[in-house]
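For reference, the structure discussed in these notes is given below.
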Amino acid sequence: MRMSQMYLKTLREVPAEAELASHILLLRTGMIKKLASGIYGFMPLGYKVVKKIENIVREEMDAKDCQEILMSAVHPAELWQESGRWFAYGPELWRIKDRNGRDFCLGPTHEEVFTDAVRQDVSSYRQLPFNLYQIQTKYRDEARPRFGLMRSREFIMKDAYSFDIDEAGLDKSYRDMYDAYTKVFTRCGLNFRPVAADTGAIGGDGSHEFQALAEAGESDIVYCTKCDMAATTEKAACIDDKPQDGVAELPLEKKFTPGTKTIKDLCEYLGIEEKQTIKALLYTKFDNEGNKDGYVAAFVRGDRELNLIKLVNALDIPEHAIEFADEAEMSSVTGCVGGFTGPIGLKNCVMVVDSELVGQKNLCAGANEADHHVLNVNYGRDYKGDIVVDLKVLKDGDICPQCGGEIKGARGIEVGQIFKLRTKYSESMNCVYKDENQVQKPMVMGCYGIGITRTLSAIIEQCHDDKGIIWPISVAPYHVIITLINPDDEDQKNLGKKIYDELRTAKVEVILDDRDERPGVKFNDADLLGIPVRIVVGKNAKDDKVEYKLRRETTDEILASDEAIKKAIEIVEREKDGYK
C-alpha cells in the first residue's frame, strides 16, 4: 500500500480524554475513531489488526474441531427470562423494545441463543459432542465506559459453547479450550497468565481467566511463589489465622471512644492492633424487581479487606443487587450506628461473619452506640452469624491457601475466560438428549470467550514505548514500512519501488511511504504506527544501500537492498504465526 493513498490521520498531541497508553496510541495512530462514549469505529489500520487477531483465534479454534457460525446480536427477552438472567445480568444488559412493545436485548454473550438453537436440532447422544463458536459484536451498557477499548459499550468477542453428554466430555472440551487459548495469546505476543476466576453473571462452576499482565489492568490477581496457585482476588481463598484456643474469654467491657469511626482511629485511641478489632460493613440488598429487600451486615477482622464477590456469592445474589446502605435508614431498622456498628444486638438484618472471627478471642467491636465500642467480644458467646464464610481478600504477602508459600500480587487485563457451565442452561431451558438407553438427560455445557478488541488493547499496553506502538509481527497491520526520504529523487523512487514489489511478491505486507513530507514526520509516523520492520531509502540509494531497522530494537544497519529484502522476508516468515 502506498502511504500517499492511505486513509490515515495521525495526531501529534495526546487526546485529552485518553488515560491509558493503548487508548492514547489507538487515537493518535488514527486506528480507532470515537462515535460516542464507549463506542468506537475502526479505521483501516486498526481493522487490519482486528482481523489478524480474529484469524489467529479462528485457526486455533478450528484446530480443535470447533465450528464457526454467526447468530443474531438481538435477543428476544423470553430466552433470557427462561434462563433466569433477565434480572440477574443486571443494568449492563442493554434492553430495547420493538415498535410493538416486545422486549429484546442486545447480546452481551450468547448462552441462551446457542442453547435454544441446539435444543431444537439435537436429540440423541449420537449427535454429541460438538463446539460452536462465533466472532461478533457484543453490547454491554457500561455505567462508566473508559480506557478506550478496554471497557467499552460495544466490542468484538469470540464466544464458543461446547455441548457434551457428561462431565468427562466437558473436562476434555475445557482442556481443549485452555490449550487453544494458551496458543492464541502466545501467538498474539502477550505475556499472560491463566488464573482461577469467579464465574460472575455467566454462572456455572469452574472458570479460568487469561490475564495479560499489565499495570494498567483492572484485574487484581494473586499467585504463589512456590506452587501453581494463581487466581483473581475475587476468587482466591484465604487461610484463617490460627484459632486462639486456650485463651480465656474475658468479660465484655464498654468503652467511651469519641470520634473513632475508623479502625485506624480506634486503634490509635485504645492503643491496640487492627487485628484485635472487628470491622463492620453495611449493605442494602434488592429483589428481582429492584426493590429494597432487607439489610446485610458483614464482619471481618479489622486488618482485613472485605471481598464483595465472596459476600454476594454467600448471599446467592448478583453483584448489582447489593449496595452500601444508608446508615441512618438502616439504623432505625437494625440498631446499627454508623462508624460504631458491632455484631452484638443487631436485629432485622442478615449477619455474614468471616470465618476467621470464629476462632479469634477478645476482640473490640462497635457497641451500636455513638462514640462507644465494646472490648472482649467473642464469637459464640456474644454473637452468631447467619452465614459464616471466608469473606477476605487474599493479598500480597499472605499465605498461599494451597501450599503455605508466599503470595504475590499483580495486575492484569482480562483477555479471555473459560467456564464450566455444566447444566445451568440446559436444565433451565430443557436442552436435553436421549442416551443409549433412551433416557433423557441435560446436555453438559461449557462456554469460552475471547475479547478480540480487548486483546488488541492489551497488546499495545505491553508493546509500546515513548515513541509509539511496537507491534508483534503476527498482529501488525503491515510487516514492513519503506520510507523514501525524497520521493522526487529518481534513484530513491526506483529502489523503493523495487523493494516494495519484491516484498509484495514474497507475500510480505508492506507500506511504501511516498508522501511529500519531511523525513522527521515520516520517521515519527513509522515509530508511532509501530510497523515491525523499517527500510529507509535515502542518499545511498544510488549505491543500492538502505537503512534496515527493527522497531523493537534501538540500532539500525546499512545493507544492500537485496540483503534488506532477504532479512525482512526471513523475520516475517519466522514470526508471522506468532512464534519467535
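Descriptive notes on the structure:
- Some residue of the range 239-259 being in contact with a Gly (Cβ under 7 Å, 6 or more places away or on another chain), buried (at least 19 other Cβ atoms within 10 Å of the Cβ) and among the β-branched types (Val, Ile, Thr): no
- Annotation: residue 234 fulfils all but one of (1) within 25 Å of residue 344 (Cβ to Cβ); (2) touching a helix residue (DSSP H, G or I) at 6+ places or on another chain (Cβ under 6 Å); (3) assigned to a loop (DSSP other than H, G, I, E, B); the unmet one is (1).
- Some residue of the range 294-301 being out of contact with any His (no Cβ under 9 Å at 6 or more places or on another chain), charged (D, E, K, R), open to solvent by 70 Å² or more (accessible area, probe 1.4 Å) and modelled with pLDDT of 95 or more: no
- Qualifying residue in the range 436-446 (condition: of a type in the set (A, V, I, L, M) and more than 30 Å from residue 125 (Cα to Cα)): no
- Applying the criterion of being touching a residue at least 24 places away in the same chain (Cβ under 8 Å) and open to solvent by 40 Å² or more (accessible area, probe 1.4 Å) to the residues of the range 1-11, the residue that is nearest to residue 508 (Cα to Cα) is 1.
- Within the range 241-255, tally of residues that are modelled with pLDDT of 95 or more and of a type in the set (Asp, Glu): 2
- Put simply, of 188, 227 the only residue that is over 23 Å from residue 90 (Cα atoms) and at pLDDT 95 or above is 188.
- Restricting attention to the range 260-293, the residues that are assigned to a loop (DSSP other than H, G, I, E, B) and open to solvent by less than 10 Å² (accessible area, probe 1.4 Å) add up to 1.
- Scanning the range 196-219 for residues that are in a loop (DSSP other than H, G, I, E, B) and among the hydroxyl-bearing types (Ser, Thr, Tyr) yields a single hit, 199.
- Hits in the range 383-432 (condition: over 20 Å from residue 85 (Cβ atoms) and open to solvent by less than 10 Å² (accessible area, probe 1.4 Å)): 391, 392, 394, 400, 405, 407, 412, 413, 415, 416
- Scanning the range 459-489 for residues that are out of contact with any Asp or Glu (no Cβ under 9 Å at 6 or more places or on another chain), buried (at least 23 other Cβ atoms within 10 Å of the Cβ) and either among the aromatic types (Phe, Trp, Tyr) or not in a loop (DSSP other than H, G, I, E, B) (or both) turns up 459, 460, 471.
- Against the test of being over 18 Å from residue 205 (Cα atoms), among the basic types (Lys, Arg), assigned to a strand (DSSP E or B) and in contact (Cβ under 8 Å) with a residue 60 or more places away in the chain, the options 183, 158 yield a single qualifying residue, 158.
- Among the residues making up the range 494-522, a single one is surrounded by fewer than 19 Cβ atoms within 10 Å (Cβ to Cβ) and in contact with a strand residue (DSSP E or B) (Cβ under 7 Å, 6 or more places away or on another chain): 504.
- Scanning the range 40-50 for residues that are surrounded by 13 or more Cβ atoms within 10 Å (Cβ to Cβ) and more than 20 Å from the chain's Cα centre (by Cα) yields 42, 43, 44, 45, 46, 47, 48.
- The range 18-39 - residue that is in contact with a strand residue (DSSP E or B) (Cβ under 8 Å, 6 or more places away or on another chain) and open to solvent by 30 Å² or more (accessible area, probe 1.4 Å) and, of those, modelled with the lowest pLDDT: 19
- Matching residues in the range 310-329 - criterion: being of a type in the set (A, V, I, L, M) and either surrounded by 17 or more Cβ atoms within 10 Å (Cβ to Cβ) or touching a residue at least 24 places away in the same chain (Cβ under 8 Å) (or both): 311, 312, 314, 315, 317, 321, 322, 325
- Screening residue 501 on (1) farther than 21 Å from residue 7 by Cβ; (2) not in a helix (DSSP H, G or I) shows it passes everything except condition (2).
Residue-wise test of (1) part of a helix (DSSP H, G or I); (2) acidic (Asp, Glu).
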| residue | (1), (2) |
| --- | --- |
| 535 | no, no |
| 547 | no, yes |
| 558 | no, no |
| 562 | yes, yes |
| 572 | yes, no |
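- Residue check, residue 199 at pLDDT below 95, more than 24 Å from residue 113 (Cβ to Cβ) and among the hydroxyl-bearing types (Ser, Thr, Tyr): no
- Residue list for the range 53-104, filter: over 22 Å from the mean Cα position of the chain (by Cα) and open to solvent by less than 30 Å² (accessible area, probe 1.4 Å): 66, 75, 77, 79, 80, 83
- Between 152, 123, the distinction of being closer than 28 Å to residue 420 by Cβ and open to solvent by less than 20 Å² (accessible area, probe 1.4 Å) belongs to 152 only.
- Number of the exception - residue 193 against (1) of a type outside the set (Ser, Thr, Tyr); (2) surrounded by fewer than 24 Cβ atoms within 10 Å (Cβ to Cβ); (3) outside any strand (DSSP E or B): (3)
- Verdict on residue 107 being out of contact with any Leu (no Cβ under 7 Å at 6 or more places or on another chain), surrounded by fewer than 21 Cβ atoms within 10 Å (Cβ to Cβ) and touching a residue at least 12 places away in the same chain (Cβ under 8 Å): no
- Count - residues of the range 331-380 that are in a strand (DSSP E or B) and open to solvent by 30 Å² or more (accessible area, probe 1.4 Å): 4
The values are calculated or read from the model by the stated rules, or taken from the named source; none is laboratory data. Note that the structure is predicted; figures quoted are calculated from it, not measured. Glycine also receives a Cβ, built like all others from the backbone with ideal geometry; neighbour counts cover every protein chain displayed. Ligands, DNA and RNA are stripped out before the accessible areas are found, and what is left, the full protein with its side chains, is counted by its heavy atoms. Shrake-Rupley method; radii C 1.70, N 1.55, O 1.52, S 1.80 Å.
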